[in-house]
Amino acid sequence: MSYPHQISTREQYDIAYQASIENPEAFWDSIAQNFLWKKKWDQVLKWDFVEPKIEWFAGGRLNITENCLDRHLEGHANTPALIWESNDPDEHHRILTYKELHFKVCQFANVLKNNGVIKGDRVCIYMGMVPELAIAVLACARIGAIHSVIFGGFSAQSISDRLHDAQAAFVITCDGAFRGNKAIALKEVIDDALISCQFVKRCIVLTRTRQPVSMIKGRDVWWEDEIRKVETQGNPVCKAEEMDAEDPLFILYTSGSTGKPKGVVHSCAGYMVWANYTFINVFNYQPGEVFFCTADIGWITGHSYIVYGPLTAGGTSLMFEGIPTYPDAGRFWDLIDKFKVNIFYTAPTAIRSLMSFGIEPLEGKSLESLRVLGTVGEPINEEAWHWYHKNIGKSRCPIVDTWWQTETGGIMISNMAGITPGIPSVASLPMPGILPVIVDEKGEVITTTVASGNLCIKLPWPGIIRTTYGDHARCRTNYFEAYPNLYFTGDGALRDTNGNYRITGRVDDVLNVSGHRIGTAEVENAINRHAGVIESAVVGYSHEIKGQGIYAYVIYGETTHDLNLVRQDILQTVSRLIGAIAKPDTIQFVTGLPKTRSGKIMRRILRKIAENETQNLGDTSTLIDPSVVDEIVKGKSGIK
Ligand code: WTA
């Protein structure tokens, strides 16, 4: 049985969905035929959610970069693969055709080899949004090295933790990165991180900002010098390493409910099939269209929908170095007009922030090239949805509300542009292959159509997380233990009479701040390391732009200190230990925290206080000292 690679009608969706659930093996066997394999698989799917052990296309051999690059050289060599726009509107944009990108990836793959990188090595990439970031990612994949991209906003300490966890002996970075009117000293951050990572053998540094950097003899080399060396060696090709379907492709660290980020591991074949299938189907991508995903490649969205999804589809991906508000709040709209963007994919937080500038930045912008809009990363509120629909989509572009996670590799629940209807604030229907279930507090699967509870997934899909790097047990406890034989997402959801899913947000101790996942325990750990802090509790609360803000309750020991200064010092500590993205929006000093007799902090109460819902705090009788609550409520009135 053969199923269309790209679904073009509602009926086809229904057929594909049904088939994918009834017989996943036959379905994915058909879809996987659309890729370039060095050897086809022996078995489509083997799985066990207890261990967990999941294998897709076992026995298959391939290299994802041949699917992203080589196979498009025939017929599409001169199609733009990547269009890059600088932070600076006056700097000329760059276009890399498939031929050029292939050449550059091979060239840099040879640089990696010259520097001793071999298959299976972990390579940490900490760069700004320059084309060389995508090139570095693909060059790793070319030679079978496992890339681990770290978002440019993370601190030296965070990088060091990740380098240790992944035992990454190679680092690729830039001297600095331009963001708005700032130049961020990336190499300096790496230098600080590497003090505690003596196992790092080589650091390759790309020139971007040309701010002064310290280059350590024997360890640090310039990207450009290394390229020159391979040029003189004269061999521009780099054979793609033949990878096993289940070999790891990359590690991407993400926050969970414990203090330590997890290294989510994705596989070569399953991830490729999933990123590609979701890309062409959710956005209904058509050949020749320009796709603009505004995420950073440091997050999963950038991996799947700037690099791997569009490139495996032979598409044109627009990559932007800067920020939406520089030099003014019309920058995205300028880019859409400049490059005739057809599909625009961004986060609700960006929409809300741009909404706050009114429609003046839209004056003189045509936006007529747009065909499809998308959102990702957090629930979109109706007001932002309507603004986006009316002002950006001119009421004619479907909006795909795509729900997924780092662990899922690609989009899981979403309407499909022009095929299944979009409903404001509703992620809507599962992709083929995805069988969502909703479980109640007792852990039982709710069988009625209308349901509300915790969102789990019943069947494996090709892009599912394979393990957490170096600690498989953690993968099991985090995702597969809460509900037997189900993958637990950590999100809550509602299902309506038509089977549409509305995601209600995290049900664990993970915050979603401006679409970025941050664990409350991570922030607490950082705050607690500040001298003078005795204890802290962090919760999320509604924030107009960021979706969620970070609210920290802090017990501080030394009463003679100026608390306004202490507050700033705590922010600085969090910035140093995690990164500016994890800085609390509000810090309230308290003398005690609401704890149960077993010593557990009752976050439910703290969340309500942070939300100003102090009238209805629920049962506080199990607390050791209920008066603490009154004191916190009183103290809150003094907080901005
Ligand atoms: C949230 C980002 C509602 C959700 C791709 C999930 C969403 C977490 C949506 C994963 C959406 C993502 N509607 N919530 N359309 N998309 N989320 O790993 O809570 O950075 O669990 O992956 O973001 O965040 P992550």
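The values are calculated or read from the model by the stated rules, or taken from the named source; none is laboratory data. As the structure is a prediction and not an experimental result, all values here were calculated from the model. Here the Cβ is made from the backbone with ideal geometry for all residues, glycine too, and neighbour counts use every protein chain on show. Just so you know, the surface numbers come from the protein's heavy atoms only, side chains and all, with ligands and any DNA or RNA stripped out. Shrake-Rupley method; radii C 1.70, N 1.55, O 1.52, S 1.80 Å.
Rounded to the nearest whole Å², what accessible area per residue is found for the chain with the 1.4 Å probe? Can you show the working numbers first?
Details: 24600 Å² over 640 residues.
Normalised by residue count, the accessible surface of the chain is 38 Å².
Taking only the Cα atoms of the stretch 66-241, how large is their convex hull per residue, in Å³? Let's see the in-between values first.
On the way: hull volume 20.1 nm³, N = 176.
That works out to 114 Å³ per residue.
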Scoring the chain by relative contact order with C-alpha pairs under 8 Å, at least six apart, yields a percentage of 12 percent
One would report the antiparallel percent of DSSP beta bridges in the chain, rounded to the nearest 5, as 60 percent
Distance from the Cα centre of the stretch 33-61 to that of the stretch 489-520, in angstrom?
-> 29 Å
Rounded to the nearest 10 Å², what accessible area does Asp90 show when all protein chains are kept and the probe is 1.4 Å?
-> 140 Å²
If each part is reduced to its alpha-carbon centroid, the stretch 182-224 and the stretch 424-450 end up apart, in Å, by 46 Å
Long-range HN-HN contacts of Phe589 with modeled amide H, under 5 Å = Val554
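Okay, helix-only estimate at 222 nm for the chain: each DSSP H run of n ≥ 4 adds -39500 (n - 2.57), divide by all residues, round to 500 deg cm²/dmol; what do you get? Walk me through the intermediate numbers first.
Numbers: 18 runs with 175 residues, N = 640.
Helices in the chain give a 222 nm mean residue ellipticity of -8000 deg cm²/dmol.
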Within the chain, the cysteines whose Cβ lies no closer than 4.7 Å to any other cysteine Cβ are Cys68, Cys124, Cys140, Cys174, Cys197, Cys203, Cys268, Cys293, Cys397, Cys456, Cys475
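Take every DSSP beta bridge with both residues inside the stretch 510-636 and express the antiparallel ones as a percent of the total, to the nearest 5.
Details: 17 of 22 bridges.
Looking only at bridges with both residues in the stretch 510-636, the antiparallel portion is about 75 percent.
Compare the peptides 222-229, 137-144 by average per-residue count of other Cβ atoms within 10 angstrom and give them in order, highest first. Before the final figure, lay out each step's value.
Values: 222-229: 15.2, 137-144: 26.5.
Highest mean packing first, the order is 137-144, 222-229.
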Run the accessible area of the chain with a 1.4 Å probe and give the carbon-and-sulfur part as a rounded percent.
-> 50 percent
Most packed first (mean Cβ within 10 Å per residue), the peptides 624-632, 333-341, 101-109 order as 101-109, 333-341, 624-632
Please report, for the Cα atoms of the stretch 510-636, the Rg to one decimal and the Dmax as a whole number; what are they, in angstrom?
-> 14.1, 39
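With +1 on each Lys and Arg Cβ and -1 on each Asp and Glu Cβ, and nothing else charged, work out how big the dipole of the stretch 341-408 is about its Cα centre, in Debye to the nearest 20.
On the way: 6 positive and 8 negative charges, 57 e Å.
My answer is approximately 280 debye.
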Over the stretch 317-469, relative contact order from alpha-carbon pairs under 8 Å, at least 6 apart, % | 15 percent
For the chain, the Cα-Cα pair-distance distribution in 10 Å bins from 0, as whole percents, is 3, 16, 27, 28, 18, 7, 1, 0
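Report the full-extension gain for the segment Gln6 to Asn114: residue separation times 0.36 nm, less the Cα-Cα distance, to one decimal in nm. Kindly include the intermediate steps, with their values, before the conclusion.
On the way: separation 108, 0.36 × 108 = 38.88 nm, distance 4.04 nm.
Extra length available between Gln6 and Asn114 comes to 34.8 nm.
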Thr447 accessible area, nearest 10 Å², 1.4 Å probe?
-> 130 Å²
Per-residue accessible area, 1.4 Å probe, largest first, puts Ser304, Ser452 in the order Ser452, Ser304
Can you give the charge dipole size of the stretch 66-241 about its Cα centre, rounded to the nearest 20 debye, using +1 on the beta carbon of Lys and Arg and -1 on the beta carbon of Asp and Glu?
-> 380 debye
Could you work out how far the C-alpha centroid of the stretch 309-334 sits from that of the stretch 342-374, in angstrom?
-> 12 Å
Could you name the lysines whose alpha carbon sits less than 16 Å from that of Lys53, not counting residues in the same chain fewer than 8 places away?
-> Lys458
About its Cα centre, what dipole magnitude does the chain give when the only charges are +1 on Lys and Arg Cβ and -1 on Asp and Glu Cβ, stated in debye to the nearest 20?
-> 580 debye
Hits among aspartates and glutamates - C-alpha to C-alpha of Lys239 under 14 Å, sequence gap 8 or more where chains match = Glu66, Asp70
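List the relative contact order of the stretch 510-636 as a percent without decimals, with contacts defined as Cα pairs under 8 Å and 6+ residues apart.
22 percent
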Net lengthening on full extension, Thr586/Asn23 (0.36 nm per residue, minus Cα-Cα) = 197.6 nm
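For the pairs Lys595/Lys634; Lys442/Lys600; Lys394/Lys608, note any where the Cα-Cα span goes beyond 28 Å. Before the final figure, lay out the partial values.
Values: Lys595/Lys634 18 Å; Lys442/Lys600 21 Å; Lys394/Lys608 38 Å.
Long pairs (Cα-Cα over 28 Å): Lys394/Lys608.
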